[in-house]
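Here is the structure we will look at, set down as structure tokens.
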Amino acid sequence: IGTTTTLTSQLVHTVDFFSTDNMGNIESSNRSTVRIDKTKPSITPSQAPPANLNGWNRNSVTVSFAVSDDFSGVDSGVGGFAAVALTTEGFGQSASGSVTDSAGNKTETTYSGVDIDLTAPVMDSTALPPANVNGWRNTAVTVTFTETDALSGIDTPAVDVTLKAEGYGQSVTGFSVDIAGNTTTVKAEGIHIDSTVPILTVV
């Protein structure tokens, strides 16, 4: 008649057993190894490249998963922890991964909060006052810049510039940076200023 032994602890158990018949003959001892792993494996996500100080990326992001299991080991035949590439724009994107150890214990995780903005701000310039029909102005000219960014928003707006000196073909360049770090440059050019009145000589 067999006996039952219950093994519950997380160990590599060695079990020796034998049997005896009704005549008293004893079987040679047998040995069996029983491995018990109750602990789930570990999975730790990370992103590359890291977000900027504002929490945004201006390029694609790869989420990788570091996995480990201290007892039975990671079952490499069960996928789920391959790196995930996030290549499209969007706020609050996420990537999920999982790992299973050789005993069948499974751990799942989701890495979230990935903000990606691949588009530079839209920018325009206006020079006031407007030029006359000949393309000239006789006063100082102020160039103002307007910019919009549909996703992360404007971080560093362009600075308005006033041109006071006379000159032909003057220009002003404005720079705008969004919160993700995308930059747009706009150049206002062809500004002609002549603030000197004509000299009339009577002969």
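Things to note:
- Residue-normalised accessible area of the chain, given per residue in Å² at a 1.4 Å probe: 64
- The simple spin-label model puts a point 7 Å past each Cα toward its Cβ; for SER68 and SER28 those points are separated by 4.3 nm.
- Proximal lysines to LYS164, defined as alpha-carbon separation beneath 23 angstrom and excluding residues fewer than eight positions away on the same chain: LYS187
- Carbon + sulfur, % of accessible area of the chain - ligands and nucleic acids excluded, 1.4 Å: 53
- Net charge dipole, the chain: roughly 140 debye, given to the nearest 20, about the Cα centre with Cβ charges of +1 for Lys and Arg and -1 for Asp and Glu.
- Farthest positive-ward along region 144-203 dipole, Cα basis, beta-carbon charges - from ALA150, GLY174, LEU200: LEU200
- When you restrict to C-alpha pairs under 8 Å that are six or more residues apart and normalise by the size of the chain, the relative contact order lands at 16 percent.
- Dipole magnitude (debye, nearest 20) for region 1-96, charges at Cβ of Lys, Arg, Asp, Glu: 360
- Neighbour net charge for THR144 - beta-carbon separation under 12 angstrom, K R +1, D E -1: -3
- Shown are ILE193, ILE154, whose ranking by accessible area with a 1.4 Å probe and every protein chain present, most to least, is ILE154, ILE193.
- Dipole orientation for region 10-75: of the candidates SER42, PHE65, ASN30, PHE65 has the Cα lying most toward the positive pole (charges on Cβ; Lys, Arg +1; Asp, Glu -1).
- Karplus-derived 3J(HN,Hα), 6.51/-1.76/1.60, for each residue of region 72-81, Hz, glycine and proline x: 7, x, 6, 7, 5, x, 9, x, x, 10
- Dimensions in Å of region 11-120 - Rg and Dmax from alpha carbons: 24.0, 91
- Volume per residue of the convex hull around the Cα atoms, evaluated for the chain, comes out as 133 Å³.
- Heavy-atom accessible surface of ARG137, to the nearest 10 Å², is about 30 Å², with a 1.4 Å probe and all protein chains retained.
The values are calculated or read from the model by the stated rules, or taken from the named source; none is laboratory data. This structure is a prediction, so every number in the text was calculated from the model and none was measured. Glycine gets a Cβ as well: all are built from the backbone with ideal geometry, and neighbour counts include every protein chain shown. Accessible surface areas use protein heavy atoms only, side chains included; no ligands, DNA or RNA. Shrake-Rupley method; radii C 1.70, N 1.55, O 1.52, S 1.80 Å.
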